[in-house]
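Visitor: Please read through the structure below; I'll follow up with questions.
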Amino acid sequence: MTFIKKTNIPQLLLLLFLLTSCKQKNDSEYNLSENKEAKKIYVAKQEPKLSDNYINSKKEAINHFYNKNWLNNSMNGGFLVAQNGQILFEKYEGYSNYKTKTEMTSSSSLHIASVSKVMTATAILKLIEQKKLDLNQKVTTLIKGFPYPDVTVKTLLNHRSGIRKYSYFTDKKIVWDRHKILKNQDIITLLITKKINLEYKTDSRFSYCNTNYAILALIIEKVTGVSYKEAMKNIVFTPLGMTNTYVFDYDKDRQTASPSYRGNFSLYYWDYLDAIYGDKNIYSTPRDLLKFDIGRNDPAFFRHELLQLAFTPYSNEHKGQNNYGLGMRMINWETGQNLYFHNGWWHGNTSAYITLPEEKVTIIALSNRFTTKTYKVRNLAALFGNYPFELDDYGNEE
């Protein structure tokens, strides 16, 4: 004690205080920065404003199409066409809930069925962009006990895994009791314990299969450490300002979600497959899907190289126009013209999402009352580019 001058003690205390204050300040700034990043909202780039004459000409043609196909209230849902982020035509008809006579509005969230796959694929690609996942990564490295050694993230995305459809193998009593609600993890357990063989050798051909995207949802949970519902909110919905979009929770949302109906407005009741997510079970609106489309096509939100992978056709073993990318259906004509879209169908819900990146056009149709006319909206692409459609033709791919 006699070695230290009295004057040194206050100095030491002052130095300790300053060091502690600096540390607290830096920690505070770091946490604040993290919070800002977590809440960061993507801001869409402003595209050139369309002229009133152009908007009116397109609006007239779209209105004619709409009246021809959904006149007399045969549509029950939402319909939107936009270009350069500007809505050219928008219409909402019918009821989001027929029993309560709750009218359909721009904020009425409807089940988008397999259009959910586009969003699941986008979340996976964003995780790849963040180097938390690899496109060619074996699923065996992500899911313990996964029984198919050659299946990769990519072959799940492009439906070339060879895995069987869960709706088919769980239909057998010896595999699953249909009185019990099937969950995503149950699918993995059944694939392992029931020794469900592949339908075909992995990556030898294309076969559209919901099981692939139910597994991708589990991969998202594994990589992020949170539920698929929370992960989708963090990665896609919140950054893009999709305020009326959510992942359906079977245990919590059945009483509040918009029901689905047959053509005569009789209800489709819940069944044992209604809890599976990733391949379906996202509820959204046309306006939110427009926000999604604008964001996903902008390199500021989504790296262009990854988006190009999503739009690349992978099912080329048989020559044809219809193809599939990474969570995206497409038609590839010999002229070099391409149409990118995805349709959906679950119970009475039908959905159509068409994106024309070159023309910066988005076309959306959602219905919770069963109709295949929803899919016809892709023919409106002919109003914006050299797409060989007749407005009276139908397209029914899910």
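The values are calculated or read from the model by the stated rules, or taken from the named source; none is laboratory data. Predicted model, so just to flag it, every value in this text is computed and none were measured. Cβ placement follows ideal geometry from the backbone for every residue including glycine, while neighbour counts extend to all protein chains displayed.
Visitor: Do we have any residue at all in the stretch 384-392 that's in contact (Cβ under 8 Å) with a residue 60 or more places away in the chain, surrounded by fewer than 24 Cβ atoms within 10 Å (Cβ to Cβ) and of a type outside the set (Gly, Ala, Ser)?
Guide: Yes, the stretch 384-392 has at least one match.
Visitor: Quick check, is SER114 in contact with a strand residue (DSSP E or B) (Cβ under 8 Å, 6 or more places away or on another chain), within 25 Å of ASN264 (Cα to Cα) and surrounded by fewer than 16 Cβ atoms within 10 Å (Cβ to Cβ)?
Guide: no
Visitor: Next up: Can you name every residue in the stretch 143-156 that is assigned to a loop (DSSP other than H, G, I, E, B), out of contact with any Leu (no Cβ under 8 Å at 6 or more places or on another chain) and not acidic (Asp, Glu)?
Guide: Within the stretch 143-156, LYS144, GLY145, PRO149, VAL151 qualify.
Visitor: Of all residues being assigned to a loop (DSSP other than H, G, I, E, B) and of a type in the set (A, V, I, L, M) in the stretch 75-105, which is modelled with the lowest pLDDT? Just the residue, please.
Guide: Here the residue is MET75.
Visitor: Would you tally the residues in the stretch 187-231 being hydroxyl-bearing (Ser, Thr, Tyr), under 29 Å from LYS173 (Cβ atoms) and under 17 Å from the mean Cα position of the chain (by Cα)?
Guide: Qualifying residue count for the region: 4.
Visitor: Additional query: Have a look at TYR213, TYR272 and point out the one that is touching a residue at least 12 places away in the same chain (Cβ under 8 Å) and either in contact with a strand residue (DSSP E or B) (Cβ under 6 Å, 6 or more places away or on another chain) or within 23 Å of GLY162 (Cβ to Cβ) (or both).
Guide: On inspection, the qualifying residue turns out to be TYR213.
Visitor: Could I ask something else about it? Based on this model, can you work out whether ASN297 counts as touching a residue at least 60 places away in the same chain (Cβ under 8 Å), closer than 30 Å to SER74 by Cα and surrounded by 14 or more Cβ atoms within 10 Å (Cβ to Cβ)?
Guide: no
Visitor: Then there is this: Kindly establish whether GLN321 is free of Cβ contacts under 8 Å to residues at least 60 places away in the same chain, surrounded by fewer than 15 Cβ atoms within 10 Å (Cβ to Cβ), among the polar types (S, T, N, Q) and closer than 20 Å to HIS159 by Cα.
Guide: yes
Visitor: For the stretch 179-198, which positions are buried (at least 17 other Cβ atoms within 10 Å of the Cβ) and closer than 17 Å to GLY162 by Cα?
Guide: If the condition is that a residue be buried (at least 17 other Cβ atoms within 10 Å of the Cβ) and closer than 17 Å to GLY162 by Cα, then ILE187, ILE188, LEU190, LEU191, ILE196 are the ones that fit.
Visitor: Continuing with the same structure: If you check every pair at least six apart or on different chains, which have Cβ atoms under 9 Å apart with a residue in the stretch 241-262 that is under 18 Å from TYR95 (Cβ atoms) and assigned to a strand (DSSP E or B) first and a residue that is at pLDDT 95 or above and among the small types (Gly, Ala, Ser) second?
Guide: The qualifying pairs are TYR261/GLY348.
Visitor: Output the residue which, of all residues in the stretch 219-228 that are surrounded by fewer than 20 Cβ atoms within 10 Å (Cβ to Cβ) and touching a residue at least 40 places away in the same chain (Cβ under 8 Å), is nearest to LEU290 (Cα to Cα).
Guide: THR224
Visitor: Next up: Consider HIS342 carefully, then state whether it is at negative phi and surrounded by fewer than 22 Cβ atoms within 10 Å (Cβ to Cβ).
Guide: So HIS342 fails the test.
Visitor: Provide a single number: the residues in the stretch 291-345 that are under 15 Å from the mean Cα position of the chain (by Cα) and either of a type in the set (A, V, I, L, M) or assigned to a strand (DSSP E or B) (or both).
Guide: Of the residues in the stretch 291-345, 12 are under 15 Å from the mean Cα position of the chain (by Cα) and either of a type in the set (A, V, I, L, M) or assigned to a strand (DSSP E or B) (or both).
Visitor: Can you name every residue in the stretch 119-131 that is in contact (Cβ under 8 Å) with a residue 12 or more places away in the chain, of a type outside the set (A, V, I, L, M, F, W, C) and within 14 Å of ARG303 (Cβ to Cβ)?
Guide: Answer for the stretch 119-131, where residues must be in contact (Cβ under 8 Å) with a residue 12 or more places away in the chain, of a type outside the set (A, V, I, L, M, F, W, C) and within 14 Å of ARG303 (Cβ to Cβ): THR122, LYS126, GLU129.
Visitor: Between a first residue in the stretch 344-361 that is in contact (Cβ under 8 Å) with a residue 12 or more places away in the chain and a second residue that is among the β-branched types (Val, Ile, Thr) and in a loop (DSSP other than H, G, I, E, B), which pairs have beta carbons less than 9 Å apart while being 6 or more apart in sequence or on different chains?
Guide: GLY344/ILE112; TRP346/ILE112; GLY348/THR371; ASN349/ILE112; THR350/THR371; SER351/ILE112; TYR353/ILE112
Visitor: Any residue at all in the stretch 4-23 that is at pLDDT 50 or above, not in a helix (DSSP H, G or I) and not β-branched (Val, Ile, Thr)?
Guide: Among the residues of the stretch 4-23, not one is at pLDDT 50 or above, not in a helix (DSSP H, G or I) and not β-branched (Val, Ile, Thr), which makes the answer no.
Visitor: Looking at PHE311, is it under 21 Å from SER114 (Cβ atoms), in contact with a Gly (Cβ under 6 Å, 6 or more places away or on another chain) and aromatic (Phe, Trp, Tyr)?
Guide: Judged against the criteria, PHE311 is a match.
Visitor: Ok, one more. Could you check ILE276 against (1) buried (at least 22 other Cβ atoms within 10 Å of the Cβ); (2) out of contact with any Ser or Thr (no Cβ under 8 Å at 6 or more places or on another chain); (3) outside any loop (DSSP other than H, G, I, E, B) and say which number it fails?
Guide: (3)
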